[in-house]
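**Q** Sharing a structure, written as structure tokens. Questions coming.
Just so it is clear, none of the values below were taken in a lab; they were calculated from the coordinates. Fair warning: this is a prediction, and the values are worked out from it, not measured in the lab. Reconstructed Cβ throughout: ideal geometry from the backbone, glycine too, with neighbour counts over all protein chains shown.
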Ligand SMILES: Cc1cc2nc3c(=O)[nH]c(=O)nc-3n(C[C@H](O)[C@H](O)[C@H](O)COP(=O)(O)OP(=O)(O)OC[C@H]3O[C@@H](n4cnc5c(N)ncnc54)[C@H](O)[C@@H]3O)c2cc1C
């Protein structure tokens with residue numbers, strides 16, 4: 001019997017070896033164990049149990065940056081904390097929000113309450129915890145610039161609080177979480193009251209919908225952009241080398257934006273790894289640059 005079945009808590013649901021295909025935006029064929037946690041007491045209890053039994057785990061937000069494995073050896077933890085919508089009913093200079101809340105809910109609050117600065121994450125499919133862990137961002141800025149405090153449970157089950165400083169975030173990563181740390185709430189600040197933020201967000205979303213495959217099954221950008229004078233933008237480089245639209249098994253380099261890999265249906269993580277390595281090799285042979293994956297594989 002799996003040791004995981006021994007853990008019992010009223011605020012934790014355990015799903016034994018389930019289909020995880022729809023737990024990631026790329027919808028790769030995937031399966032594994034999943035714990036869904038609905039409050040902090042449950043999270044502390046679960047992580048303490050896993051730590052005591054030396055069981056490692058993965059953390060799942062929206063799976064918008066995580067293509068999931070065909071058969072995961074690690075159980076996943078996913079948060080689904082209750083959220084009192086009253087918190088986002090009036091303009092404040094900062095908000096304490098659960099890590100499981102979706103950025104789409106925050107974007108709609110930004111439009112309604114004129115929360116200046118919150119346009120930086122418009123259009124990013126993510127949970128707040130996943131976005132903070134990745135320092136998600138757009139052409140308008142990064143979420144790290146809005147984060148004041150990060151409340152998390154560490155891999156032993158202890159409560160921790162990180163006060164954000166200038167060195168807390170860099171490009172698409174945080175510099176303070178250790179493996180197994182789980183963000184359960186975040187304080188996001190508002191820089192100013194911005195009357196026309198809804199217009200700004202709506203224009204930006206129109207632009208994204210035109211230039212990125214927002215409806216396809218992807219995990220966002222495949223590769224990080226590279227620092228340098230030439231070939232620094234991964235998508236542009238793949239496009240210049242004539243690979244845009246190329247297919248491999250059930251995968252396709254998006255014809256809309258060459259840094260997105262689309263699952264045409266039924267692809268697996270192994271297929272993704274193979275295709276990524278083919279693309280990396282071809283780019284390296286032509287440019288001498290090894291693009292580093294942005295997606296978490
Ligand atoms: C169509 C599309 C467009 C995208 N556009 C952008 C973009 O413009 N900019 C951008 O930055 N990204 C973009 N992405 C990628 C993705 O949305 C971001 O990386 C986002 O931050 C992932 O959040 P998530 O909740 O889905 O996290 P997941 O993908 O589930 O997890 C990502 C990482 O965060 C960790 N994590 C998740 N939740 C927590 C938590 N509560 N505590 C601690 N660690 C956690 C996971 O362990 C994993 O390492 C895009 C993705 C798609 C599919």
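**Q** Let me have the 222 nm mean residue ellipticity of the chain computed from DSSP H runs of 4+ only, each contributing -39500 (n - 2.57), with the sum over all residues rounded to the nearest 500.
**A** Working: 6 runs with 72 residues, N = 297.
Rounded to the nearest 500, the figure is -7500 deg cm²/dmol.
**Q** In angstroms, what radius of gyration and Dmax does segment 152-297 have, counting Cα atoms only?
**A** 18.8, 50
**Q** On to the next question. Can you sort 106, 96 by how many other beta carbons sit within 10 Å, fewest first?
**A** Numbers: 106 22, 96 13.
Ordered from fewest to most neighbouring Cβ atoms within 10 Å, 106, 96 come out as 96, 106.
**Q** So between residue 84 and residue 285, what do we pick up on full extension, going 0.36 nm a residue minus the alpha carbon distance?
**A** On the way: separation 201, 0.36 × 201 = 72.36 nm, distance 5.33 nm.
Contour length minus Cα-Cα distance gives 67.0 nm.
**Q** While we're here: Gap in Å between the Cα centre of segment 223-273 and the Cα centre of segment 191-214?
**A** 25
**Q** To the nearest whole percent, what portion of all C-alpha pairs in segment 109-183 is separated by more than 15 angstrom? Don't skip to the end; give the middle numbers.
**A** Working: 1551 of 2775 pairs.
Result: 56 percent of Cα pairs exceed 15 Å.
**Q** For segment 49-177, what number results from the quotient of the Cα radius of gyration and 2.2 N^0.38 Å? Working shown, then result.
**A** Working: Rg = 15.5 Å, N = 129, 2.2 N^0.38 = 13.9 Å.
For segment 49-177, the normalised Cα radius of gyration is 1.11.
**Q** Just to be sure I follow: if Rg is taken over the C-alpha atoms of segment 1-41 and Rh is the Kirkwood radius over the same atoms, what is Rg/Rh?
**A** On the way: Rg = 11.9 Å, Rh = 11.5 Å.
We get a ratio of 1.04 for segment 1-41.
**Q** Under a 10 Å cutoff between Cα atoms, tell me which one of 34, 128, 140 has the largest fluctuation in the Gaussian network model of the chain.
**A** Taking springs between Cα atoms under 10 Å, the residue moving most is 140.
**Q** Can you pull the percent of Cα pairs in segment 1-111 with separation above 24 Å?
**A** Values: 2115 of 6105 pairs.
So the pairs more than 24 Å apart make up 35 percent of the total in segment 1-111.
**Q** How are the Cα pair distances of segment 190-275 distributed, in percent, across 5 Å bins from 0?
**A** Bin by bin from 0 Å, the calculated values are 3, 13, 19, 20, 15, 11, 9, 5, 4, 1.
**Q** Same structure again: What order do you get for 243, 222 when you list them from fewest to most C-beta neighbours inside 10 Å? Walk me through the numbers before you get to the answer.
**A** Details: 243 15, 222 26.
So the ranking, lowest neighbour count to highest, is 243, 222.
**Q** Continuing with this model, one more query. Across the chain, what fraction of all alpha-carbon pairs, as a whole percent, falls in each successive 5 Å bin from zero upward?
**A** 1, 5, 11, 15, 16, 16, 14, 11, 7, 3, 1, 0
**Q** What number in nm² do you get for segment 137-181 if you take the convex hull of its Cα atoms and divide its surface by four? Each step should come with its number before you reach the end.
**A** Numbers: hull surface 13.2 nm².
Projected area, direction-averaged: 3.3 nm².
**Q** By count of other Cβ within 10 Å, fewest leading, how are 224, 56 ordered? The partial results should precede the final answer.
**A** Working: 224 16, 56 12.
Ordered by Cβ neighbours within 10 Å, fewest first: 56, 224.
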